[in-house]
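Bear in mind that the values in this text are calculations on the coordinates, not laboratory data. In this text the structure is predicted, and so the values were computed from the model without any measurement.
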Amino acid sequence: MSQRTRMLPDVRNTGAHLMTVTRNTPFEELPEWLTTEEFRAYWGLGRSTVYDLIRRNEVPHKKFGRIIRIPRAWIENCENGA
């Protein structure tokens with residue numbers, strides 16, 4: 001094992017970001033940046049629909065490499081009718 005590998009924290013079993021998001025999850029408990037799967041589950045959308053919305057830029061998102069995240073603040077604005 002290399003020196004660099006030993007310095008990294010082991011997050012596999014620490015419970016880091018293992019929250020399950022459903023349609024019943026209170027807004028306050030949502031993470032600041034939702035994965036596409038969390039966004040899909042919270043709004044009850046299909047996988048294809050979520051990616052179509054992202055592709056058409058109808059949902060603001062940020063790409064971190066290949067990972068797509070959707071800001072919780074945008075969901076709050078939508079729910080409040082802004």
- Over the stretch 23-79, what relative contact order in percent results from Cα pairs under 8 Å that are six or more residues apart? 40 percent
- Message: On the principal axes of its Cα set, how long, how wide and how thick is the stretch 23-79? Give whole Å, largest value first.
- Response: 27, 21, 18
